[in-house]
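Taking it in order: structure first as structure tokens, then the write-up.
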Amino acid sequence: MPLDARRILDRCNALARHSEQPDGLTRVFLSPEQRAVNGLVLEWMRAAGMQARLDAIGNCVGRYEGERPGLPCLMLGSHLDTVRDAGRYDGMLGVIAAIECVQALAGRKLPFAIEVVGFGDEEGVRFGSTLLGSRAVAGTFDLTLLERAGSDGVTLRAAMQAFGLDPARIGDAAHRAEDMLAYVELHIEQGPVLEAEGLPVGVVTAINGGYRFAVELTGVAGHAGTVPMHLRRDALVAACECVLAVEAVAHGLPDIVGTVGRIEALPGAMNVIPGRARFSVDLRAPTDGAREQAWELLRARFNAIAAARELQLAISPLWEARTAPCDERLQAQLADEITAQQLPVRRLPSGAGHDGMAIIDIAPIGMLFVRCKGGISHNPAEAVDVADVEMGARVLLRFIERFQPRA
């Protein structure tokens, strides 16, 4: 059966209608909106020839058996939850494109099974911890999170129970490594590289690892009109120097990105010299070594800035994720299928996190990027072109048909 890129987009649009925002898209884990979306996705999985079910954590799982029942699987998919005020393709495109590829097989059996998974929670919006669905599948779910309350005051445990799930059975969602051949995800790029180079698709080399830190500088608050400039210990001015240092260090090293997303001056009055300043640092890199090198350089710069201005510096780690390198054999197979479409192969890292960061614990991972307009994501303006979606689905289908698992 031919692939239908228009149907893929129509289904993404149908999912986007299930939102807690009447004029936007927000769909969080274990919400009524997720329940509605799960119903649609499970229905489409069954129509494509899969056995479909909701697993113990709330992921949608569709299984397409191979030449005989019980064979190890090639896992495909992405996530079905969103950030707040989201776009309609981040995550959803990968789930729907995978279903479309299985449907295109038209009952043809392969020497392996296929599982398509719509992960219930990748973004971590409701409970503040990402990759809940994929960590359950990988068998690495942190059970202490069950007692964490979301912004609505409801714990994860209570939310699962209200959704009809049994928290005591989360382990049932776990897959054994011997039952997994690979995990491959089609996803919008969420960046501008493919568009800048005029390419519809690209091969991901790694999902970047990252650090997040909270930084606080402490000086002396004082009267804005009476303290001479050369006697000031202005924490905000030092913080601004640190922000520029983040930019400089990231510019100076290949494939490093650094962001200061929040900054605060205290006490926050117009006529008071800031005695304290707080800011965040998000630092990401395609290898753990490069990430550590960048952070050591940045920490040295922060210390030098604080010392020069006679300020106290405090750095608190908030989050760390190790780099998830994409399997070289999977990269090569995806690249072969792009070449077969008479397109150049562009390899690039993913600066955003994905479910593969959890699944890598039980299987090699691969990713195929599809160009998105303007590189815009996590935004209602997120958009893709139907021709690019068709190319991405075609490459994914050819990859599935010719997939060669590791011996």
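The values are calculated or read from the model by the stated rules, or taken from the named source; none is laboratory data. If you're wondering where the values come from, they're calculated on a predicted model, not measured in any experiment. Every residue, glycine as well, gets a Cβ built from its backbone with ideal geometry; the counts of neighbours run over all protein chains shown.
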Task: Selection count where residues are touching a residue at least 24 places away in the same chain (Cβ under 8 Å) and over 20 Å from A332 (Cβ atoms), scope region 197-216 - done: 10
- [ ] Those residues that are in a loop (DSSP other than H, G, I, E, B) and buried (at least 21 other Cβ atoms within 10 Å of the Cβ), I need them from region 63-95; list them, please.
- [x] L80, D81, T82, A86, G87, R88, Y89, D90, G91
Task: Residue that is farthest from the chain's Cα centre (by Cα), among those in region 3-28 that are outside any loop (DSSP other than H, G, I, E, B) and loosely packed, with under 14 Cβ neighbours inside 10 Å - done: R6
- [ ] Of all residues in region 315-332, count the ones that are loosely packed, with under 13 Cβ neighbours inside 10 Å and within 12 Å of I365 (Cα to Cα).
- [x] 1
TODO: Would you check which residues across region 159-214 are in contact with a strand residue (DSSP E or B) (Cβ under 9 Å, 6 or more places away or on another chain), crowded, with 18+ Cβ neighbours inside 10 Å and of a type in the set (G, A, S) and list them?
DONE: A173, A182, G191, G202, A206, G209, G210
Task: Which listed residue is without any contact (Cβ under 8 Å) to a residue 12 or more places away in the chain and in the same structural domain as R299 (by TED's automatic domain parsing), from G268, G219, G261 - done: G268
- [ ] Output yes when any residue across region 235-245 is over 26 Å from P380 (Cα atoms) and in a strand (DSSP E or B), and no when none is.
- [x] no
- [ ] Scan (1) buried (at least 18 other Cβ atoms within 10 Å of the Cβ); (2) at pLDDT below 95; (3) assigned to a loop (DSSP other than H, G, I, E, B) for the single condition A352 breaks and write down its number.
- [x] (1)
Open item on the list: Which pairs turn up if I take residues in region 296-318 that are closer than 13 Å to A277 by Cβ and modelled with pLDDT of 95 or more and look for partners that are assigned to a helix (DSSP H, G or I) and of a type in the set (S, T, N, Q) with beta carbon separation below 9 Å, at least 6 apart in sequence or on another chain?
Closed with: L313/N303
- [ ] Being of a type in the set (A, V, I, L, M, F, W, C) and over 22 Å from R53 (Cα atoms) is the filter; apply it to region 109-153 and report the residue that is surrounded by the fewest Cβ atoms within 10 Å (Cβ to Cβ).
- [x] L143
Open item on the list: Pairs please, first residue from region 1-28 and farther than 28 Å from R126 by Cβ, second anywhere and part of a loop (DSSP other than H, G, I, E, B), Cβ atoms under 7 Å, 6+ apart in sequence or on different chains.
Closed with: M1/A106
Task: Residue satisfying all of: in region 374-406; within 18 Å of L105 (Cβ to Cβ) and at pLDDT below 95; surrounded by the most Cβ atoms within 10 Å (Cβ to Cβ) among these - done: P405
Open item on the list: Please determine whether any residue of region 152-164 is in contact (Cβ under 8 Å) with a residue 40 or more places away in the chain, closer than 30 Å to G375 by Cα and more than 22 Å from the chain's Cα centre (by Cα).
Closed with: no
Task: Every pair of residues 6+ apart whose Cβ atoms lie under 8 Å, when the first sits in region 379-395 and is in contact (Cβ under 8 Å) with a residue 40 or more places away in the chain and over 16 Å from G191 (Cα atoms) while the second is among the basic types (K, R) and in a helix (DSSP H, G or I) - done: V386/R6
TODO: Determine, yes or no, whether I305 is surrounded by fewer than 21 Cβ atoms within 10 Å (Cβ to Cβ), farther than 24 Å from A324 by Cβ and out of contact with any Asp or Glu (no Cβ under 6 Å at 6 or more places or on another chain).
DONE: no
Open item on the list: When you scan region 48-62, do you find a residue that is of a type outside the set (A, V, I, L, M), within 19 Å of I400 (Cα to Cα) and buried (at least 20 other Cβ atoms within 10 Å of the Cβ), even just one?
Closed with: yes
TODO: Among the residues of region 316-344, count how many are in contact with a helix residue (DSSP H, G or I) (Cβ under 7 Å, 6 or more places away or on another chain) and under 30 Å from A235 (Cβ atoms).
DONE: 1
TODO: Scan region 116-135 and report the pairs whose first residue is at positive phi and whose second residue is surrounded by 22 or more Cβ atoms within 10 Å (Cβ to Cβ) and of a type in the set (D, E), with Cβ atoms within less than 8 Å and a gap of 6+ or a chain change.
DONE: L131/D121; L131/E122; L131/D355
